[in-house]
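The values are calculated or read from the model by the stated rules, or taken from the named source; none is laboratory data. All figures in this text were calculated on a predicted structure; none of them were measured in a lab. Methodologically, a virtual Cβ is constructed for each residue, glycine included, from the backbone with ideal geometry; neighbour enumeration extends over all protein chains shown. SASA here: full protein model, heavy atoms, side chains in, ligands and nucleic acids out. Shrake-Rupley method; radii C 1.70, N 1.55, O 1.52, S 1.80 Å.
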Amino acid sequence: VSIDATPNDALWSSLWGMTRIDAPLAWDVTTGSQDVIVAVIDTGIDFTHEDLSDNLWTGPNGEHGYTIFGGQIVGDGTDDHYHGTHVAGTIGAVGNNGVGVAGVNWKGKLAGFKFLGSGGSGNTLDAVVCLNKIIELKLQGHNFRVTNNSWSGGGNSQALRDALQAAADNGIVSVCAAGNSGNNIDVEPNYPAAYDIEGIITVQASYLIAGIEGVAGFSNYGLAGSDIAAPGYNILSTRKGGGYHMLAGTSMAS
């Protein structure tokens with residue numbers, strides 16, 4: 001037996017979700033790897049944030065990500081909303097640096113793939129372009145192993161399904177938010193979470209209030225369509241423009 005590794009980040013005591021998933025036990029084994037790249041397919045990432053800047057992937061032309069609108073790829077990926085930055089912090093905010101929060105991975109590489117605009121919405125076909133670009137980069141030697149997909153709402157798209165299957169075929173796991181409609185996605189499918197692909201992990205949101213735990217009322221669920229629940233209520237993470245704030249949703253759980 002040994003002590004559990006806990007970080008010295010200033011807001012550690014507010015990260016109830018990390019304690020609930022027994023992250024300190026995992027951190028005794030590993031705190032992440034700079035050799036692994038996670039693609040945050042979302043509204044982008046604030047690459048200047050003090051708790052994210054040391055954990056950024058840098059691409060062939062010095063970029064930290066890409067912006068994809070109308071099928072066109074531009075080397076950027078900067079967040080002009082806030083959602084993607086919050087998600088990125090839970091995945092990979094620098095841990096044990098005495099600042100702010102700690103991500104599940106204290107170290108690693110985050111890449112922003114922005115296809116959702118400043119209003120938080122986007123086109124499914126641009127998500128397909130994101131996935132195809134990630135596969136292309138992996139085949140070029142960039143070790144993309146995980147994509148985070150904290151978005152939903154489009155219909156059943158064969159092109160999106162094919163892109164997610166191609167990612168899985170290339171050794172890339174796609175983590176998908178179950179969605180926030182409170183529905184059984186076995187009966188009312190929600191995509192991309194509901195695609196029957198082994199490479200997808202679909203995540204519901206759980207809460208813990210006054211010692212009582214359960215699946216959040218807003219969270220989609222399903223015996224076949226979802227895989228796991230994770231903390232998704234009052235989740236503190238990085239804020240676009242600096243600082244930290246709380247959000248709730250299956251996005252945070254993912």
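Give the residue, chosen from 162, 169, 196, that is modelled with pLDDT under 95 and more than 27 Å from residue 248 (Cβ to Cβ).
Selected residue: 196, the only one of 162, 169, 196 that is modelled with pLDDT under 95 and more than 27 Å from residue 248 (Cβ to Cβ).
Filter the range 91-101 down to residues that are within 18 Å of the chain's Cα centre (by Cα) and assigned to a loop (DSSP other than H, G, I, E, B) and give me whichever is nearest to residue 116 (Cα to Cα).
By that ranking, first place goes to 93.
I'd like to verify a number: residues in the range 15-35 that are open to solvent by 50 Å² or more (accessible area, probe 1.4 Å), under 19 Å from residue 251 (Cα atoms) and in a helix (DSSP H, G or I), how many?
Adding up the residues that qualify gives 3.
Check residue 208 against each of (1) closer than 27 Å to residue 94 by Cα; (2) open to solvent by 20 Å² or more (accessible area, probe 1.4 Å); (3) out of contact with any Lys or Arg (no Cβ under 7 Å at 6 or more places or on another chain) and name the one condition it does not meet.
So the condition that residue 208 fails would be (3).
Could we say that residue 126 is buried (at least 16 other Cβ atoms within 10 Å of the Cβ) and of a type in the set (Asp, Glu) here?
Considered against the rule, which asks whether it is buried (at least 16 other Cβ atoms within 10 Å of the Cβ) and of a type in the set (Asp, Glu), residue 126 comes out as yes.
Kindly list, by first and then second residue, each pair from a residue in the range 103-124 that is under 23 Å from residue 152 (Cα atoms) to a residue that is in a loop (DSSP other than H, G, I, E, B) and open to solvent by 60 Å² or more (accessible area, probe 1.4 Å), limited to pairs with Cβ atoms under 6 Å and residues at least 6 apart or on different chains.
Close Cβ pairs satisfying both conditions: 118/80.
Within the range 78-90, is there a residue that is assigned to a loop (DSSP other than H, G, I, E, B), modelled with pLDDT under 95 and of a type outside the set (S, T, N, Q)?
Checked against the condition, which is being assigned to a loop (DSSP other than H, G, I, E, B), modelled with pLDDT under 95 and of a type outside the set (S, T, N, Q), the range 78-90 yields no hits at all.
Just name the residue that is nearest to residue 248 (Cα to Cα) out of those in the range 173-193 that are of a type in the set (S, T, N, Q), open to solvent by less than 70 Å² (accessible area, probe 1.4 Å) and in a loop (DSSP other than H, G, I, E, B).
It comes out as 183.
For the range 213-254, enumerate the residues that are closer than 19 Å to residue 197 by Cβ, among the polar types (S, T, N, Q) and either open to solvent by 20 Å² or more (accessible area, probe 1.4 Å) or in a loop (DSSP other than H, G, I, E, B) (or both).
The answer is 220, 226, 254.
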